[in-house]
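Structure record follows, encoded as structure tokens.
The values are calculated or read from the model by the stated rules, or taken from the named source; none is laboratory data. The shown structure was predicted, so the numbers you read here are calculated from the model rather than taken from an experiment. Note that we place each Cβ from the backbone using ideal geometry, even for glycine, and neighbour counts take in every protein chain shown.
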Amino acid sequence: MYDENLRVQKEVVLCEDGTNTLYSKEFDEPYHSTKDGALHESLEKHVKPSLTLKSDKEKLTILDICFGLGYNTFATLHYIKKHNLTTKVHILSPEFDEGLVRSLNTFDFPPEFESIKHIIEAISQNLRYEDTQFKIEILLGDARESIPQIRQKIDIVYQDAFSPAHNPLLWTYEWFRDVRATCKEDAILTTYSTAAAIRLGLYENGFYIFVHRAEMTRYSTVASLQMLEDLEYIDMELKKIRNSEARSMRDEDYL
Ligand SMILES: C[S@@+](CC[C@H](N)C(=O)[O-])C[C@H]1O[C@@H](n2cnc3c(N)ncnc32)[C@H](O)[C@@H]1O
């Protein structure tokens, strides 16, 4: 039976990049790789590759799965402000832990987030924020239910759930099918997972798979609905031949 108390049991952990994350007792793992660092991981695995690939767009709609401490959303705003970009950004972010989001105004974030303190404050109070450039909406509740209700068309997906072993229903073929249904035809998805099962789940939903390498962090995955130049392409048909045991994860195995 689900234990509601576990959701509030979290400990602050200092990462190797000097930024703080949390350890979740409910999921038995940290919110970020403590080795890569919360802010560093967010910037290197999600924000930089996505905003670089979509640098020609004036408006972006981003699906941030899931909000957690909000690092991916806040690092996106930080990056845009730091580089004086005029891109308008709408971020939709599912999250079922309302208590966590409401507590973020007291979380010890890095100095890089100082200029967006008012945004963090607004999100913890109202679960949303809007100005002339940025719109952020927390979709409160189970992501499996909120994703199929999204009517906006998504440019970028940050796939940053807890690990497939601990949060399997946010990594299955069916999950990626629902995520893909929200996407524009040229959407991209970034994720820290490099597992064959996860890449297969994306590939079976029409994504091309690429390796993303960045400094001082483990390599990660960029998936795209269109073929991309200048990225390290992975031929998934070849992978399937070489690793004939590999299978995408399926809802039926976890429900
Ligand atoms: C690894 S953390 C996300 C970290 C976040 N991206 C950040 O940068 O701080 C995973 C988050 O997913 C949330 N979560 C897990 N399963 C969920 C579900 N089915 N629906 C909504 N949120 C979920 C957890 O509460 C947790 O906040």
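Quick rundown of the values:
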item	result
Residue satisfying all of: in region 222-255; polar (S, T, N, Q) and within 13 Å of ARG199 (Cβ to Cβ); surrounded by the fewest Cβ atoms within 10 Å (Cβ to Cβ) among these	ASN243
Checklist (1) under 23 Å from ALA223 (Cβ atoms); (2) in a loop (DSSP other than H, G, I, E, B); (3) away from the ligand (no atom under 12 Å from the Cβ); (4) among the small types (Gly, Ala, Ser) applied to GLY18, failing item	(1)
Odd one out for GLN9, checked against (1) within 21 Å of ALA165 (Cβ to Cβ); (2) within 8 Å of the ligand (Cβ to nearest atom)	(2)
Where TYR79 falls short, out of the listed (1) away from the ligand (no atom under 15 Å from the Cβ); (2) without any contact (Cβ under 8 Å) to a residue 40 or more places away in the chain; (3) not basic (Lys, Arg)	(1)
Neighbours by Cβ (under 7 Å, 6+ apart or cross-chain): first from region 57-70, in a loop (DSSP other than H, G, I, E, B); second among the small types (Gly, Ala, Ser) and within 7 Å of the ligand (Cβ to nearest atom)	CYS66/ALA143; CYS66/ALA161
All positions within region 102-151 that are aliphatic (A, V, I, L, M), under 30 Å from GLU174 (Cα atoms), in contact (Cβ under 8 Å) with a residue 40 or more places away in the chain and out of contact with any Phe, Trp or Tyr (no Cβ under 6 Å at 6 or more places or on another chain)	LEU139, LEU140, ALA143, ILE147, ILE150
Residue that is buried (at least 21 other Cβ atoms within 10 Å of the Cβ) and over 17 Å from VAL222 (Cβ atoms), where the choices are LEU69, LEU43	LEU69
Test for THR52: is it over 25 Å from GLY141 (Cβ atoms), without any contact (Cβ under 8 Å) to a residue 60 or more places away in the chain and either of a type in the set (Phe, Trp, Tyr) or not in a helix (DSSP H, G or I) (or both)	no
First in region 156-167 and over 15 Å from LEU189 (Cβ atoms) and modelled with pLDDT of 95 or more, second anywhere and near the ligand (Cβ under 6 Å from one of its atoms) and not in a strand (DSSP E or B), Cβ under 7 Å, 6 or more apart	ASN167/ALA161
Strands (runs of 3 or more DSSP E) wholly inside region 80-171 containing at least 3 residues that are surrounded by 14 or more Cβ atoms within 10 Å (Cβ to Cβ)	88-95, 134-140, 154-159
